[in-house]
Amino acid sequence: MPEVNLALKITNWCNLHCAHCCERSSAAAPLNLMPIEKIEKYISQFKDMGVPTWEEVVLTGGEAMAPYYKQQSAYIPTVANLLAQNKLSMALKTNGKWGENIFLCNRILNDLSQVAHQHDRQISLDISIDEYHDNLYGAANIVDAIMRNPKFSEAIPVSWCGLNTAASEYTRQTFINMLTQRGMTVLPMDADGGIVIMTKDNMNVMFYDIGGLSRIGRAKDNNLTEFVPRGIPNQSGYCFEITNNDMAILNYRFKTAIGDRTLGEIYHELKTKVPTR
Ligand code: SF4
């Protein structure tokens, strides 16, 4: 069976209002943060699912850094600690707008690196770079701050994702130009668009993930379906997603020795057959 990963949609609030947002997230959405107690419950269920799992849990939204904008800055470090105590890493899906505010940027990077160093477990950032996100300046500031501080670069790997469109490729190049204008040397790393970033004292890599535009949410409202890329599925699958409404999305089927099953079906079947540990 393939490994599965867990994504927690901790909020639907977001400080951006992207035209393609599959969640219809915006600043008008309530924060409605996923309670820490529920996250504890999900972690324990995830570890007890009886299927191969990633050692990483994704926090997404909306904007995963939303708690920092809403005077709840202890939330993300608390979740990171909780995951690390369960031998799980944390990956945050973020638009990177917080990089525009130098104080907020340092606060977040300090918080993340502190937890990462304490548990010897990296915490990664995954920033969307495409034609719909108005975030290049903040994203470049984040990479710049990480590259200038070994404490950050050891603890916080950054990857980026874009869309398989010509406009997204242009945005990707613009972002690379912004990094070079800040004195970083950027070299191609692989055929997927990953890059090696170098400064005088530091070297790092950014993996690039290219995805499709989901035909739901505002992408559908705005009739953006023509930008669905060629030959790439809308969802990569194998992802056990849980929303902040306590609604598990269990409709990803994959092949198993006992037929095609969703993770939820397998989870419940195992629960009835395997004695509780
Ligand atoms: S696509 Fe991401 S950054 Fe844009 S509005 Fe949606 S959640 Fe926010």
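The values are calculated or read from the model by the stated rules, or taken from the named source; none is laboratory data. It should be emphasised that the depicted structure is a prediction, and the values quoted were computed from it without experimental measurement. Note that we place each Cβ from the backbone using ideal geometry, even for glycine, and neighbour counts take in every protein chain shown.
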**Report entry** Among (1) of a type outside the set (S, T, Y); (2) more than 12 Å from the ligand (Cβ to nearest atom); (3) within 28 Å of S168 (Cβ to Cβ); (4) part of a helix (DSSP H, G or I), the one test that H117 misses
**Finding:** (3)
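Condition check ((1) touching a Leu at 6+ places or on another chain (Cβ under 7 Å); (2) over 24 Å from M203 (Cβ atoms)) across all residues:
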| residue | (1), (2) |
| --- | --- |
| P52 | no, yes |
| G62 | no, yes |
| V79 | yes, yes |
| L92 | yes, no |
| A139 | no, no |
| A145 | yes, no |
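Name the residue, out of L82, L109, that is hydrophobic (A, V, I, L, M, F, W, C), away from the ligand (no atom under 16 Å from the Cβ), over 24 Å from N32 (Cβ atoms) and assigned to a helix (DSSP H, G or I). Reasoning before the result, please.
Values: L82 fails: over 24 Å from N32 (Cβ atoms).
Sole residue among the options that is hydrophobic (A, V, I, L, M, F, W, C), away from the ligand (no atom under 16 Å from the Cβ), over 24 Å from N32 (Cβ atoms) and assigned to a helix (DSSP H, G or I): L109.
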Query raised in the report: Name the residues in segment 137-168 that are of a type outside the set (K, R), more than 14 Å from D209 (Cβ to Cβ) and out of contact with any helix residue (DSSP H, G or I) (no Cβ under 9 Å at 6 or more places or on another chain), would you?
Result: P150, A166
Requested in this report: Scan segment 80-101 and report the pairs whose first residue is of a type in the set (A, V, I, L, M) and whose second residue is part of a loop (DSSP other than H, G, I, E, B), with Cβ atoms within less than 6 Å and a gap of 6+ or a chain change.
Outcome: A84/R121; L92/A64
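Name the single residue that is modelled with the lowest pLDDT among those in segment 1-15 being surrounded by 19 or more Cβ atoms within 10 Å (Cβ to Cβ) and more than 11 Å from the ligand (Cβ to nearest atom). Talk me through it step by step, then tell me what you get.
Narrowing segment 1-15 to residues surrounded by 19 or more Cβ atoms within 10 Å (Cβ to Cβ): 4, 6, 8-14.
Now narrow it down to the ones that are more than 11 Å from the ligand (Cβ to nearest atom): 4, 6, 8, 10.
Details: V4: 74, L6: 86, L8: 91, I10: 94.
It comes out as V4.
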Query raised in the report: Which of the residues spanning segment 92-111 are among the small types (G, A, S) and surrounded by fewer than 22 Cβ atoms within 10 Å (Cβ to Cβ)?
Result: none
Query raised in the report: For segment 164-173, how many residues are exposed (fewer than 13 other Cβ atoms within 10 Å of the Cβ) and of a type in the set (A, V, I, L, M)?
Result: 1
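Do you know which of the residues in segment 16-62 that are part of a strand (DSSP E or B) and within 16 Å of the ligand (Cβ to nearest atom) is surrounded by the most Cβ atoms within 10 Å (Cβ to Cβ)? Steps first, answer last, please.
Of segment 16-62, the ones part of a strand (DSSP E or B) are 26, 53-60.
If we keep only those that are within 16 Å of the ligand (Cβ to nearest atom) as well, we get 26, 58-60.
Numbers: S26: 16, V58: 20, L59: 27, T60: 19.
Per the stated criteria, the residue is L59.
Each row is one residue, and each column tells you yes or no for (1) assigned to a strand (DSSP E or B); (2) out of contact with any Asp or Glu (no Cβ under 8 Å at 6 or more places or on another chain); (3) surrounded by 13 or more Cβ atoms within 10 Å (Cβ to Cβ).
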residue: F175; (1), (2), (3): no, yes, yes
residue: T180; (1), (2), (3): no, yes, no
residue: L187; (1), (2), (3): yes, yes, no
residue: A191; (1), (2), (3): no, yes, no
residue: I197; (1), (2), (3): yes, yes, yes
residue: K200; (1), (2), (3): no, yes, no
residue: I210; (1), (2), (3): yes, no, yes
residue: S214; (1), (2), (3): no, yes, yes
residue: N223; (1), (2), (3): no, yes, no
